[in-house]
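A short write-up of the structure that comes next.
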């Protein structure tokens with residue numbers, strides 16, 4: 001009995017031990033889903049930590065005057081249309097005057113963040129140079145980055161107010177310009193060369209001390225090779241109209257100049273190597289108009305002086321110089337005095353002229369001119385382009401048979417001297433002047449002779465004689481006394497004598513009669529000279545203003 005109970009207890013304990021061991025063996029095979037959520041959270045946390053720490057670039061700060069169009073988490077940083085960052089925070093500066101943007105840059109952008117790297121906001125802009133940023137109307141404003149060239153790294157930047165004209169690493173030359181004109185140009189206004197857009201104005205400021213407007217302009221490569229020390233710049237408004245006694249001139253530039261204006265430059269004289277460009281920050285004068293710039297450029301060409309002895313006439317800077325009807329130069333200065341008060345004391349008016357020449361023929365032309373000057377064969381006279389615009393050009397002639405020399409009074413002018421057998425004025429050779437024989441001069445001489453003719457004296461003397469004769473006849477008719485009639489007859493004789501003397505004073509053999517006859521002959525000759533011109537004016541009225549047209553070329557009749 002005792003053994004049986006003992007067996008029962010032993011079996012029970014064995015069963016219990018077996019079941020517990022079975023339970024222990026099955027427990028590790030169970031998997032609870034509750035651990036999935038912490039594992040996923042831990043994984044995401046690790047990814048975010050890795051992404052924010054190792055996958056992003058540096059954090060920078062950009063100072064702006066205003067955050068107009070800037071949104072946190074939406075406004076992008078771009079360069080060459082590639083996104084490289086995003087604005088993460090927008091706050092006011094401590095002094096409340098500016099806005100500070102916090103920007104998270106992408107990785108591998110550290111090399112772009114140099115000390116001279118520039119930022120600006122790209123948004124729709126309407127400026128004198130045109131309209132820009134229209135693509136942001138749909139996509140929104142963004143911040144443009146232009147990488148600098150400095151070796152220093154920086155995370156603090158100040159944005160530009162407007163897009164820069166010169167992009168980073170863009171080749172070209174930066175020049176300085178100064179102007180006394182009252183017109184002001186703006187940043188971004190174009191710079192052109194013969195109609196081509198070659199650069200733009202980058203900076204504009206007012207020099208208060210000198211009362212000048214200072215500009216900085218950038219000329220892009222390869223056009224920077226066009227700029228040399230003889231280059232002239234002027235303000236271009238697109239349309240230039242010049243009306244004066246010498247005629248009317250109309251010039252137009254490119255369409256961009258006509259719309260917004262700008263600066264134009266050119267090389268008028270071919271006397272420098274065009275490939276020798278100037279260094280950065282070279283200073284140039286900015287002229288008001290093209291004519292002034294051209295006159296300044298001509299001062300470095302082949303120059304001569306013509307002395308006008310009586311009057312400057314209609315000669316002015318820009319007046320043309322002709323030789324045998326061919327334009328060979330133009331007037332640079334008229335009159336040309338170092339001291340302005342010399343115009344009141346000088347015996348002649350010096351006019352500085354420029355002869356068209358290039359590097360290839362300048363020495364040859366100078367040799368020809370100087371050779372003829374030594375022989376007194378090169379002469380100058382004041383000419384006229386047409387009947388209306390008179391005395392407005394200078395004509396050069398070479399005639400070894402009819403030599404011309406300067407008057408003695410010209411040798412007394414301050415600045416004149418003799419060098420190599422030629423008269424010079426301020427180191428320039430003087431071309432002698434032939435007395436003017438133009439149509440207007442003939443009229444002036446004729447009028448001077450007519451003024452010498454005493455028409456009033458003749459009329460007064462004849463009238464007095466006739467009055468005396470009439471008075472004597474009335475006295476003779478009213479007198480009945482023989483004595484009185486004898487006295488009247490004596491007075492009539494005196495009156496006739498006076499009348500005869502008056503008439504004899506203007507007889508065919510007198511000087512006055514011959515002068516009057518000569519003047520009438522001059523009038524007849526002038527009318528004969530005018531006949532062809534009046535006939536041509538009747539057939540072609542435009543020739544009065546613009547000169548004679550070319551002769552028509554005969555052609556066969558159309559079949």
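Residues are listed down the side, and each one gets a yes or a no for (1) within 17 Å of residue 431 (Cα to Cα); (2) surrounded by 20 or more Cβ atoms within 10 Å (Cβ to Cβ):
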{"site": "302", "(1), (2)": "yes, yes"}
{"site": "311", "(1), (2)": "yes, no"}
{"site": "321", "(1), (2)": "yes, yes"}
{"site": "342", "(1), (2)": "no, no"}
{"site": "366", "(1), (2)": "yes, no"}
{"site": "374", "(1), (2)": "yes, no"}
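Counted as qualifying within the stretch 265-335 are the strands (runs of 3 or more DSSP E) with 3 or more residues that are over 30 Å from residue 407 (Cβ atoms), namely 282-287.
Residue 357 falls short on exactly one of the conditions (1) surrounded by 18 or more Cβ atoms within 10 Å (Cβ to Cβ); (2) closer than 16 Å to residue 306 by Cα, and that condition is (2).
Among the residues of the stretch 205-222, write down those that are touching a strand residue (DSSP E or B) at 6+ places or on another chain (Cβ under 6 Å) and part of a loop (DSSP other than H, G, I, E, B). Once the filter is applied, which keeps residues that are touching a strand residue (DSSP E or B) at 6+ places or on another chain (Cβ under 6 Å) and part of a loop (DSSP other than H, G, I, E, B), the stretch 205-222 yields only 221.
For (1) modelled with pLDDT under 90; (2) farther than 26 Å from residue 78 by Cβ; (3) outside any strand (DSSP E or B); (4) over 31 Å from the mean Cα position of the chain (by Cα), each residue gets a yes or a no:
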site: 137; (1), (2), (3), (4): yes, no, yes, yes
site: 145; (1), (2), (3), (4): no, no, no, yes
site: 157; (1), (2), (3), (4): no, no, no, yes
site: 163; (1), (2), (3), (4): yes, no, yes, no
site: 174; (1), (2), (3), (4): no, yes, no, no
site: 183; (1), (2), (3), (4): yes, yes, yes, no
site: 188; (1), (2), (3), (4): yes, no, yes, no
site: 199; (1), (2), (3), (4): no, no, no, no
site: 203; (1), (2), (3), (4): yes, no, no, no
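Counting residues in the stretch 351-362 that are in contact with a strand residue (DSSP E or B) (Cβ under 8 Å, 6 or more places away or on another chain) and part of a helix (DSSP H, G or I) gives one or more. Quick check on residue 170: is it on the phi < 0 side of the Ramachandran plot and either touching a helix residue (DSSP H, G or I) at 6+ places or on another chain (Cβ under 8 Å) or modelled with pLDDT under 70 (or both)? No, not satisfied.
The values are calculated or read from the model by the stated rules, or taken from the named source; none is laboratory data. What you are looking at is a predicted structure, and each value in this text was computed from that prediction instead of being measured. All Cβ positions, glycine included, derive from the backbone under ideal geometry; neighbour counts span all protein chains shown.
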